[in-house]
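The values are calculated or read from the model by the stated rules, or taken from the named source; none is laboratory data. Computed from a predicted structure; not experimentally measured. No Cβ is skipped: glycine too gets one built from the backbone with ideal geometry, and neighbour counts run over all protein chains shown.
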Amino acid sequence: MTSASAPSAPRSRRQRDPLSTYDAILTAARDVMAERGPEALTVSEVAHRAGVNRGTAYRHFRTREHLLDAVKKWFAGELNRMLGEGGPTGARMDSLLEFLSEHREVARLWLFALLGDGSDSEYEGWQRYLGVVEGLAESDLAQDGIDAEMLARILVAATMVWSLWAPKLAGPDGDTRVHTKRFARELRRLLLFGVMRPERWPDLVSSLQDDIEHPQVESGGRNPRNRYGDKAWKS
């Protein structure tokens with residue numbers, strides 16, 4: 001007779017260099033936030049998850065607020081890295097939206113911090129992101145007369161809110177990827193024909209066309225695009 005499987009244990013404590021210890025604590029903090037939200041985050045809980053003693057954790061993060069700030073900086077750094085990556089534009093947009101959906105609790109924390117007191121220019125990542133949008137708006141890749149700052153705010157609002165909204169559409173397994181692909185497709189369409197010059201973005205046009213011709217299908221073979229039918233457009 002086999003014994004019941006024991007609950008997963010925290011990472012075993014062992015000698016680590018300071019950088020790997022810092023990374024382990026930060027990873028554990030993200031895990032806690034993903035499971036129970038930022039309200040559940042404590043340095044003691046994260047130390048247990050990371051397999052380090054509390055004294056070591058407190059040497060790296062003196063308070064819960066320091067730990068939250070570090071998670072937000074990690075999140076902003078990842079967004080900046082993804083914004084600077086090469087590759088097909090459509091694939092990069094898909095990757096960014098999937099990242100936000102996978103880290104929605106961190107996205108919520110980052111968004112609420114951005115909406116809080118203080119200047120946007122003081123917030124981690126905002127200036128880099130705004131610079132990317134301004135560079136696009138000033139180039140010959142975009143339509144004339146784009147208000148870069150407002151476009152940047154619209155895109156933040158849309159993508160961050162989507163990461164929080166997506167779970168309501170998830171199936172029994174909690175998977176939001178099909179709906180995130182749908183969201184990305186319509187975002188590409190809006191950008192292509194409202195902001196960009198389509199002739200200058202052949203890879204984005206191609207990826208949009210491919211999505212239209214081969215729509216994502218939910219488990220069970222149902223096309224989510226037809227969920228509500230055509231009744232809304234008929235008298």
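So the values come out like this:
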| quantity | calculated |
| --- | --- |
| Filter result for GLY229 (farther than 21 Å from ASN80 by Cβ, in a loop (DSSP other than H, G, I, E, B) and modelled with pLDDT of 80 or more) | no |
| In the range 130-145, the residues that are surrounded by fewer than 18 Cβ atoms within 10 Å (Cβ to Cβ) and of a type outside the set (S, T, N, Q) | GLY131, VAL132, GLU134, GLY135, LEU136, GLU138, ASP140, LEU141, ASP144, GLY145 |
| Which listed residue is free of Cβ contacts under 8 Å to residues at least 60 places away in the same chain and in the same structural domain as ASN80 (by TED's automatic domain parsing), from LEU141, LEU204, LEU187, LEU130 | LEU130 |
| ILE212 vs. criteria β-branched (Val, Ile, Thr), touching a residue at least 24 places away in the same chain (Cβ under 8 Å) and outside any helix (DSSP H, G or I) | no |
| Criterion (of a type in the set (D, E, K, R) and at pLDDT below 85) met by exactly one of ARG222, ARG188 | ARG222 |
| Some residue of the range 77-91 being closer than 16 Å to MET196 by Cα, assigned to a helix (DSSP H, G or I) and under 12 Å from the mean Cα position of the chain (by Cα) | no |
| Residue match in the range 44-66 (condition: assigned to a helix (DSSP H, G or I) and within 25 Å of TRP162 (Cβ to Cβ)) | no |
| In the range 14-38, residue modelled with the lowest pLDDT [restricted to those that are outside any helix (DSSP H, G or I) and surrounded by 13 or more Cβ atoms within 10 Å (Cβ to Cβ)] | ARG16 |
| Lone unmet requirement of (1) over 21 Å from ARG30 (Cβ atoms); (2) in a helix (DSSP H, G or I); (3) in contact (Cβ under 8 Å) with a residue 40 or more places away in the chain for ALA158 | (3) |
| Those residues of the range 176-209 which are surrounded by 16 or more Cβ atoms within 10 Å (Cβ to Cβ) and in a loop (DSSP other than H, G, I, E, B), in sequence order | THR176, VAL195, TRP201 |
